[in-house]
1. Going down the list D:K145/D:K176; D:K113/E:K205; C:K5/E:K205; A:K41/E:K203; B:K37/E:K203, which pairs span over 24 Å between their C-alpha atoms?
2. Mind checking the log10 I(q)/I(0) for the protein assembly as shown at q = 0.06 Å⁻¹? Debye, one equal scatterer per Cα, no solvent, two decimals.
3. Using DSSP, restrict attention to beta bridges with both residues in chain D and report what percent are antiparallel, rounded to the nearest 5.
4. Using the Kirkwood formula on the Cα atoms of chain D, what hydrodynamic radius do you get, in angstrom to one decimal?
5. Given a Förster radius of 22 Å and the C-beta distance between D:Q188 and D:T115 as r, what FRET efficiency does 1/(1 + (r/R0)^6) yield to the nearest 0.05?
6. Classify chain E as rounded, prolate or oblate, taking a ≥ b ≥ c as the square roots of the eigenvalues of its Cα gyration tensor: rounded when a/c is under 1.5, otherwise prolate if a/b is larger than b/c and oblate if not.
7. Mind putting a number on the dipole of the protein assembly as shown about its Cα centre? Charges go on the C-beta only, +1 for Lys and Arg and -1 for Asp and Glu, and I need it in Debye to the nearest 20.
8. Can you tell me the convex hull volume per residue for the stretch A:144-287, based on C-alpha atoms, in Å³ to the nearest whole number?
Amino acid sequence: MSLQLEDVTLKVRGETYIDEANLQLDSGSFNVLLGHTLAGKTTLMRLMAGLDTPSRGRVWLGGRDMTDVPVRQRNVSMVYQQFINYPTLSVFDNIASPLKQAKVARAEIQRRVEETAHMLGIDHLLGRFPQALSGGQQQRTAMARALVKDADLVLFDEPLVNLDYKLRESLRVEMRKLFASRDTLAVYATTEPAEALALGGTTVLLKEGRIVQSGPSGEVYRQPCNMEAASLFGEPPINLLAAEIAGGECRIGRQRLPLPAAWQRLAEGHYRLGVRPHHVSLAPLATGEALCLPVQVRVAEIGGSETFLHMTHDEIDLVAHLGGIHELAVDQALEIHLPCAEMFVFEPGGELLLSPALPATAARA
Amino acid sequence: MSWMAWTLPTASFFVIIALMLVGMSIWQTVSPGHQRKGFLPISTTRGDRLFIGLLAAAYAHLLALALTGWPLWIVTLVCVAGLIALLKWG
Amino acid sequence: MHVRKSLVMLLYLVFILVPIYWLINMSLKSNQEILGGLTLWPVAPTLDNYRVIFTEPSWYTSYLNSLTYVSMNMAISLLVALPAAYAFSRYRFLGDKHMFFWLLTNRMAPPAVFLLPFFQLYSAVGLFDTPIAVALAHCLFNVPLAVWILEGFMSGVPKEIDETAYIDGYSFPRFFVFIFIPMIRPGIGVTAFFCFMFSWVELLLARTLTSVDAKPIVAQMTRTVSASGIDWGVLAAAGVVALLPGIAVIYFVRNHVAKGFALGRV
Amino acid sequence: MAEIRLAQLAHSYQDNPSAPEDYALRRMEHVWEQGGAYALLGPSGCGKSTLLNIMSGLLAPSEGEVLFDGKAVNALSPQQRNIAQVFQFPVVYDTMTVFDNLAFPLRNQGQPKATVEARVREVAAALEIEPLLTRKARNLTADEKQKVSMGRGLVRDDVAAILFDEPLTVIDPQLKWRLRRKLKEIHQRFNVTMVYVTHDQLEAATFADKIAVMYGGQIVQFGTPRELFETPRHTFVGYFIGSPGMNLLDLEIVAGRAHCHGLELALPEAWHARLAAQEGARLQLGIRPEFVELVPADEATLTGRVDLIQDQGSFKIVDVALTADPAQLIKVRVDEYKSLGEETVGLHLPEAWMRFYANDLLLEISDEAV
Amino acid sequence: MKPYNNKAWWLVLPVFVLVAFSAIIPMMTVVNYSVQDIFDPSTRYFVGTEWYREILSDPRLHDSLVRQFIYSFCVLAIEIPLGIIVALSMPRRGLGVPVSLILLALPLLVPWNVVGTIWQIIGREDIGLYGSLLNGLGIDYNYASSPRDAWITVLIMDVWHWTSLVALLCYSGLRSIPDVYYQAARIDRASAWAVFRYIQLPKLKNVLLIAVMLRFMDSFMIYTEPFVLTGGGPGTATTFLSQTLTQMALGQFDLGRAAAFSLIYFLIILLVTWVFYTAMTHNDDKG
């Protein structure tokens, strides 16, 4: 079943929570809402579910106008960030509750609950009560309840955020597999760009109640429509540098650099350059043009196989995500190389002018 | 109902109070008011201001009865004026 | 630190228990011994006082009457307070805060003069001298309290539970009865205790709204005054017996009370 | 400032623990050196918060001792140990302003007014909460509150150690970067021992110089992030560190030689001998996804089909199902521009990055033997 | 943020109807009475605000009002701190919890007239434990003849009767404070006083609001216990507002005057309670 939002706006007492959202999500697709806390992700999902009614605009589900249909009469389900289960019901009864309300036959309930529980690996816990479970098990119970009834629309509101890192990693893969074989429309809210990428599907970028950009996740990541989108989607966030092109030079801070060939076409004036941290290099590039900037090391965060290097150039904060381990002292002076081929160029207003070429075949599984 | 010992003045008093409540409800429904801060030391809604006004009026009448020999209708007039001022600027 | 705390608690419990002990002490004495002089424990213990209470119909029926209206009051209070508390904990609506305060103000009416209107009101609707009259009258102060306590407990339940239930297809009444009420059982236990307590010990309204058929224990006790003076022993025994249902109620809800006190912001 | 030593420490929440499972913390010996930045990493329920609370003195261990600079402090309260602790969820004093919150630990020590003022300003500047100083703490957002909680830990300059219990749980990911960086800078400036509890390996690795990985109430490995990454001493460390974790493949010994899914491994003789000597134990080969190489199928030792590709932006994770055993997935980390279809691929496992485990523990072999 | 939904009124309606029935109708009746001189239900004359004027200048009202305010102030000044101290001293876990809960609740379960009776006996200098104890110690104590002793006895009786309520409410408030707050305070080296001032007291605010209001209202309307103990005496030492009112209403059967009195009484309680309520809740609205 497809979902369409048409000029959906939510205002409560003069305060705008969602501003003219227009969105078309296809049947059977997996969609990620990505944005900071308070960007309006939860609100948008509540509008989709029918828990709230928009102050303006329409919500269409499968071609039917559902704006004023109460949530009970829509076939949706939702999983919350908090582990929401009925504490007085056993895991079995928790999962069975939507089926019981739908008056499904007893044997059928038994079969479907067991099947769903098995799929999520909680079939041995059916007799227990939610309080006796670990966080991961509680959230699996909540997910099972959402999946058992074959809803047209399943909403996940940051379901993994309160779970352990490793558990998150494995549930993420499970989720992808669960939905790969269903024609349910899934919407998943998260604050983590990496999660949005890992889950695949479509990404919708939200900021302050506005939809900034939507499209296939890889595409949105590699071709953000503006600076806002670029900085929302990326962790650590993309480096942004104010630059001026004048007199055949590119000026960044006090630094004057020769103008790269790729940018010859750009008119003179002010621009903003964006470069993702993993494209920043400490060594000169083997191929292609690069901007070379002197920087001072602020701090080097060393992971197992990678280093996050925080630096400043003329009061501008920069981050590099480097493969391998680089032990660098604070205040050490360095030169970094920013490959022009991987750079985004934005107008001062934020519109995208140039972006790196997409890989020849954008592979999708 | 005779045991309730109704009199015309008290009946009209209650009718006025009831009308005020109904009026305030309609007003709030038609054009919702919000909490705000006026000359009163706390931020109030319209309903709060009405309550404060009525309570103050009751006390004003009692004080007038206890301390002065003024005719009560003067006090009542002052209170009505005060109530309106309170609703508008309180 | 802990010693000092326990000492405070112990001293306070002694302060509380001495008068209770004195009551029990008196109930086991004859009137001669009570009035004869100070004895720290019954010198000639007697159960005569209790015998009076358990054999004279006017005594034990008054117990039953009291229990009847107190149970009715608990039931009515909870029944009406549960939905109202839900409304206050989940929604904002026209005049909600004023309504809440108005409910509280109902405890402020000085009972003495309201007795007559009460008497006339319940006579007018034909409820005078029935347990239901007392039960309804006690709602005046118990319902606001019940709403207030329950609202605290309900606010502790995340609203996402409600939404999940609606998403699952529950109607509001089904959700409320089968999901929500079981979740706030401790709160209901605590509320029931407070309703019981205030209704059980109240004297003025209970005495005014009843005469013969529904006479409560508190009114019966005031009749121990006779021409020969107060029958202290029987009065004390009646007081001791009057404590028992309360202790039973606390005992039954003790886990809920302890847990309820732990959960709620009563 | 202090070195913290845990001597023969064990803890059980039961009164009479008998089996090892009864212990939340199994007997351990451990040293946190003065001035280090450490992380205590593990899944939930592994005992890391228990250990933290024992060090801070909120919990008394049932066995063993905690020593600060060689002095046993078991009997001392948290205030006497002079440590600071930041909790998972923000703890602020609602009715105080942010300034008073930060000044609270100093005022409790009776510091002079000028010192309090100076320290609070310094810490507020470091945490970027200066504009909030006059606000009431109750009106802050969750992450502002958490910054205030951290500030209360950082404001005392005489502490023996600062303990962090998953302090960034409530913080937005975008902000986590800045805060972690702040903490690291603060560590470098104040030179105070910091122990940071987390379940997030990235957080641990970026914050700490050395990480203690906990599993089932034990510290299974203590080392630099690089050591944990390159040479996990326990399969759990291999699985838990790295995203995704280490690939683990079962080995069998056939005629004295190590085989993996029917193929004999190309290894020096000494390794075959070493592995064969462990026959009977559960033998596993571990290799990091980062070190598995994709090669044309005809040049490879193992082949498989691409099962799933996860785009992570800067790289991709490819799950390869082995031809010999499609249930066995091997994860490979590849460059963001590498294009792949649903084809059969070859895998090359470089010998230098292969690690071997017997019953989950790392097998080692001295260099001369190879 | 709670959603705005006027349908919620349907849920409040039963409470509204029930309480309106037993509150608004009697209240209206009292207002009606207060402007009339009533001899019997059929013989009544409209007198306007005469009763109010008379009562407001009646010295009996002034005296008992002052007595009442002093009494209520003392009740709050003793019971609220004492209740908090007792709640702080409650055991936190184990068997002690239910045992102390039950023991604490005992005085609350004693019918109010029995409360008076107990103290009437226990305070007697001939046959009561406390009375004879005090006299044995050389302190001249007799609540039946000394106004001061009577007054103190009523106060102690009230403390005995009601402090448990404050303690129970505070205990529940204290239990809702997560342990981590105490841990943080220990680490910040907070003194016991600071823990109380900055952690416990703020969390107790809500329960204290209700405790203060309940205790204020009930103590302001105290009737049964002093009536049983001394009948308001000796003299008028323990004649509080409620008793003055009852004497007027029942003793003199002066319904109109009594009604006016009780409305003035009601207004006083209303104002004081509203001030408490507003002072303690209006901070929440900002948060």
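1. Numbers: D:K145/D:K176 14 Å; D:K113/E:K205 30 Å; C:K5/E:K205 22 Å; A:K41/E:K203 32 Å; B:K37/E:K203 27 Å.
Checking Cα-Cα distances, D:K113/E:K205; A:K41/E:K203; B:K37/E:K203 exceed 24 Å.
2. With one equal scatterer per Cα and no solvent, log10 I(q)/I(0) is -0.70.
3. Roughly 75 percent of the DSSP beta bridges within chain D come out antiparallel.
4. Values: mean 1/r = 0.0431 Å⁻¹.
Hydrodynamic radius (Kirkwood, Cα only) of chain D equals 23.2 Å.
5. Given R0 = 22 Å and the Cβ-Cβ separation, E is 0.45.
6. It is oblate, given that a/c is not under 1.5 and a/b is not larger than b/c.
7. Using only the charged Cβ atoms, the result is roughly 3920 debye.
8. On the way: hull volume 26.1 nm³, N = 144.
Spread over its residues, the Cα hull of the stretch A:144-287 gives 181 Å³ apiece.
Values quoted throughout were computed directly from the atomic coordinates according to the rules given, and no laboratory measurement underlies them. Note that the structure is predicted; figures quoted are calculated from it, not measured. Because the Cβ atoms are built from the backbone with ideal geometry, glycine has one as well, and the counts that use them run over all protein chains shown.
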